[in-house]
Amino acid sequence: MDRKKAEFLVDLQKVKKFKQKKVNGIFADLYDWMFTYVESETNLREKVRAKHLFRHKLGLETELELDKNLQLHFEHWLLFDYVTVVGSRLLDLFVRTKKTELSKEMLELSGILMLMHLEPIRVHKVENGRVIYTPLFSEDNKTLEATPYLFSANLEEGELVFARIASIGYEKKLIGPTIKIDSREEDKLISQLEAVFAKGKTVYRRYLKEYGIDALNSQKLS
């Protein structure tokens, strides 16, 4: 009986790994498709407007060229968080435009990404490529783990970090570049977030969706 149970559990893990590998492939295709859409099908005026707003948020000169790091942040903010002149996010427009072409699995993953936002987390450690962390305002202080997707996290124990985290299959993944907060800016930033968090989780999530990218103003310089 025990032997049969053990064999069943092993098979279950194989199924889980197989499903995760499949969803990883689907997500990779979706991720590439989303950014191709932004690059090739988004109105040029919309991109110019978005970059102007991005620069304004960070207090950058209008004509200043974004460096590679800021450009990556801009591209992810543009897709996931920026609100267009018609009041929609580009990810929403992508799904509406491609809904007849997207598979069921892609539509489900898109829905998960729509709810994603930059959120503050406290890093406990990084091991075997996994980031062990807790959300800044964790009620039970339970540690979670996420794996960076495409981008190297390069995080250290104790750091306060803003990251987009999404559940892809059985795994949590860090989507896009992270923002490491300068320790000298932490107290001020946490006080601001506490005031918003006190108004309720819905208000807090909405605030992070709209203003999370502003954390770049408090980032640790390399």
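Please treat every number below as a calculation from the coordinates, not as lab data. These numbers were taken from a predicted model, which means no experiment stands behind them. Don't worry about glycine lacking a Cβ; one is built from the backbone with ideal geometry, like all the others, and counts go over all protein chains shown.
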Only Lys, Arg (+1) and Asp, Glu (-1) charged, at Cβ; the chain dipole about Cα centre in debye: 820
field: Unit charges at the beta carbon, dipole of the chain: most positive-side option, V48, T147, G111
entry: G111
message: Restricted to Cα positions, what overall size does the stretch 12-56 have along the principal axes? Three whole-Å values, descending.
response: 50, 22, 7
Degrees, to the nearest 10: 201-211 long Cα axis against longest axis of the chain: 50
statement: For the stretch 98-157, the Debye formula with one identical point scatterer on each Cα and no solvent gives log10 I(q)/I(0) at q = 0.27 Å⁻¹ as -1.12
message: What is the angle, in °, between the Cα long axis of helix 2-41 and the longest principal axis of the Cα atoms in the chain? Nearest 10 is fine, range 0 to 90.
response: 20
task: Write down the radius of gyration of the chain and its Dmax, each obtained from C-alpha positions, in Å.
output: 19.1, 72
task: Any chance you could tell me what percent of the C-alpha pair distances in the stretch 116-219 go past 15 Å?
output: 61
task: Starting from the eigenvalues of the Cα gyration tensor, five times each then square-rooted, give me the equivalent ellipsoid semi-axes of the stretch 46-158, largest first, whole Å.
output: 28, 22, 13
- request: Rounded to the nearest 0.05, what FRET efficiency do E41 and S138 give with R0 = 35 Å and r taken as the Cβ-Cβ distance? Could you check?
  value: 0.35
